[in-house]
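A quick write-up on the structure given underneath.
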Amino acid sequence: MIVVEGLDAYRPSGRPACLALGTFDGVHRGHRVVIQAVCDAARQEDGDAVVLTFDPHPLTVIAPPAEPFLLTTLEERITLLSATGIDALVIVRFTQKVREMAAADWLELLRRRINPRCLALSSTHGFGRNREGTPAFLEAWAAPRGIGVAVVPPVTNEGTIISSTTIRDRLRAGDVRAAAEWLGRWYTVRGRVVAGEGRGRRLGVPTANLQVPAEKVLPARGVYAAYATTLGETYRAAVNIGLRPTFGESGLTVEAYLIDADVDLYEQLLELAFVEKLRDERRFDSADALKTQVAIDIARARELMGLTT
């Protein structure tokens, strides 16, 4: 997969291009159906499957959220999309100018820069100024130009449409199991391990403190069983997301204890894949009471992870 930053930088290969429209934050099961449709169309045309994504996320320009909302950083999105079998990824910078562009003008720009033989999008996707570019609008524009259109119905789970928004809601409720089912993979958070206060070590459970990108959605505060991957190895872990109320602290932290492992993680990149929430965050009367509960949490995580491998 080639990665191109900006429509002006895209260079046609000489083969027909089939283009998928969207932002694809999360690269969830619904997104993958759209991407599969564009891959299938590209194979039929003996062409290239091309995906377009925006950076920054359009919401940061249209209506900046009050809390972190990205399911995938751009780096994570590139990694996930590279595994789908597409030939090219075009990253378009989303600006006020792009936001205010009429749907027809946006499509003409794509025709000039990419010249797609076919286009694929979700039936719920809107593009152009005020999302005036509906699937019906796209079909009416494309037909006289000889451009094929694949409108992909949404994927549902027990009657609920799988979308980036519904997955964010599940994560903010702490339901990482449902989020994983809708994503088609465990939800992951990646960051560098930084120095902490050392309280975990004093309790006999040294933790790795993760520096997470500020825009990344975190599961609800609490304790989770997770897989932790670093330096090419994957471990079972118990992860705490919270404010450490027992010690009267206020800054949100992500701390991972690697079960049955003794690894120096300082300044290493660590990826956490959340499997199950074990309990809510709560305040304990003493450090000893917390230590007792942490031992219970680790035992539950060890048992649960043993059942999922």
Given the conditions (1) modelled with pLDDT of 95 or more; (2) exposed (fewer than 15 other Cβ atoms within 10 Å of the Cβ), which single one is not true for Glu197? (1)
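If we keep just the residues of the stretch 249-264 that are at pLDDT 90 or above and not hydroxyl-bearing (Ser, Thr, Tyr), which is surrounded by the most Cβ atoms within 10 Å (Cβ to Cβ)?
Just the residues of the stretch 249-264 that are at pLDDT 90 or above, to begin with: 253-259.
Okay, now just the ones that are also not hydroxyl-bearing (Ser, Thr, Tyr), so 254-256, 258-259.
On the way: Val254: 21, Glu255: 22, Ala256: 25, Leu258: 23, Ile259: 18.
Top of the filtered list is Ala256.
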Collect the residues in the stretch 62-88 that are farther than 16 Å from Ser163 by Cα and modelled with pLDDT under 95, keeping them in residue-number order. Ile62, Ala63, Pro64, Pro65, Ala66, Glu67, Pro68
One residue from Arg168, Arg190 being in the same structural domain as Tyr227 (by TED's automatic domain parsing), of a type in the set (Lys, Arg) and buried (at least 17 other Cβ atoms within 10 Å of the Cβ): Arg190
Out of the residues in the stretch 32-61 meeting the condition of being farther than 23 Å from Arg112 by Cα and touching a strand residue (DSSP E or B) at 6+ places or on another chain (Cβ under 8 Å), tell me which one is modelled with the highest pLDDT. Val33
Name the residue, out of Leu74, Leu109, that is among the hydrophobic types (A, V, I, L, M, F, W, C) and out of contact with any strand residue (DSSP E or B) (no Cβ under 8 Å at 6 or more places or on another chain). Leu109
In the stretch 148-165, how many are among the aliphatic types (A, V, I, L, M), surrounded by 20 or more Cβ atoms within 10 Å (Cβ to Cβ) and not in a strand (DSSP E or B)? 1
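Restricting attention to the stretch 211-233, report how many residues are under 17 Å from Ile259 (Cα atoms) and at pLDDT 95 or above. Give the derivation first.
Going residue by residue through the stretch 211-233, those that are under 17 Å from Ile259 (Cα atoms) are 223-233.
Narrowing further to those that are at pLDDT 95 or above: 223-229.
Result for the stretch 211-233: 7.
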May I ask you to list pairs of residues, at least six apart or on different chains, whose Cβ atoms are under 9 Å apart, with the first in the stretch 141-160 being under 21 Å from Arg111 (Cα atoms) and the second being basic (Lys, Arg)? Arg145/Arg111; Gly146/Arg117; Ile147/Arg111; Ile147/Arg117; Gly148/Arg117
Inside the stretch 1-54, can you point out the residues that are assigned to a helix (DSSP H, G or I) and hydrophobic (A, V, I, L, M, F, W, C)? Leu7, Ala9, Val33, Val34, Ile35, Ala37, Val38, Cys39, Ala41, Ala42
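Looking at the stretch 265-291, which of the residues that are among the acidic types (Asp, Glu) and at pLDDT 95 or above is surrounded by the most Cβ atoms within 10 Å (Cβ to Cβ)? Outline the logic, then answer.
Within the stretch 265-291, the subset among the acidic types (Asp, Glu) is 267, 271, 276, 280-281, 285, 288.
Of the ones still in play, those that are also at pLDDT 95 or above are 271, 276.
Working: Glu271: 17, Glu276: 19.
It comes out as Glu276.
Within the stretch 263-278, can you find the residues that are out of contact with any helix residue (DSSP H, G or I) (no Cβ under 8 Å at 6 or more places or on another chain) and of a type in the set (Lys, Arg)?
Residues of the stretch 263-278 out of contact with any helix residue (DSSP H, G or I) (no Cβ under 8 Å at 6 or more places or on another chain): 263-273.
Of everything in the stretch 263-278, nothing turns out to be out of contact with any helix residue (DSSP H, G or I) (no Cβ under 8 Å at 6 or more places or on another chain) and of a type in the set (Lys, Arg).
The values are calculated or read from the model by the stated rules, or taken from the named source; none is laboratory data. Predicted model, so just to flag it, every value in this text is computed and none were measured. When we count neighbours, we look across all protein chains shown, and the Cβ atoms used for this are built from the backbone with ideal geometry, even at glycine.
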